[in-house]
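Before any comments, here is the structure.
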């Protein structure tokens, strides 16, 4: 949502509200396209993302699970209280307040509906792998089912790995049954 050249009104949508991430508009857009595109099946929609998108992919299953059914989260910043303070402050403000908890996947783990694959690089120096482990722990405490992959000797930018591309495709094929 922080794309350069956008208006203040556009940016205000995500101010202290990272879990929105444009999802309401995306859902409406896909539903509208599906009405005229017979090939499009909106009963089995998945989402994937890395870094901030890795935070938002599970948010789709936590908050928009009437539409999204599966997600792959790569190097996700699942709780911005663990993130680089400068990045988090751009969207969630300072001091750390209620918006950090509201936007935390860890705090909202019990709301998961759908299937989730969490992926982290073992040596991620941008989003600490402990963030993914904290989310995994919260999912376990909430008795939620999920898949987890830790990629050895790999840092934050893992999306281009052939192994991960295959893993992601297999996950969606198996979980969405497409």
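Computed extension length for residue 153-residue 165: 2.6 nm, one decimal, from 0.36 nm per residue of separation with the Cα-Cα distance subtracted.
Each peptide in 160-166, 120-126 gets a packing score, the mean of other Cβ atoms within 10 Å over its residues, and the list from highest to lowest is 120-126, 160-166. The modelled label-to-label distance between residue 7 and residue 133, using points 7 Å beyond Cα along the C-beta direction, is 4.6 nm.
Order of 72, 45 from fewest to most other C-beta atoms within 10 Å?
Listed from fewest to most nearby Cβ atoms, that is 45, 72.
Going by neighbour counts of Cβ atoms within 10 Å, the residues 42, 131, 36 line up, fewest first, as 36, 42, 131. Listing 140, 158 from fewest to most neighbouring C-beta atoms within 10 Å gives 140, 158.
Computed from the coordinates by the stated procedures, all read-outs in this text should not be read as laboratory data. Source: prediction; values computed, not measured. Reconstructed Cβ throughout: ideal geometry from the backbone, glycine too, with neighbour counts over all protein chains shown.
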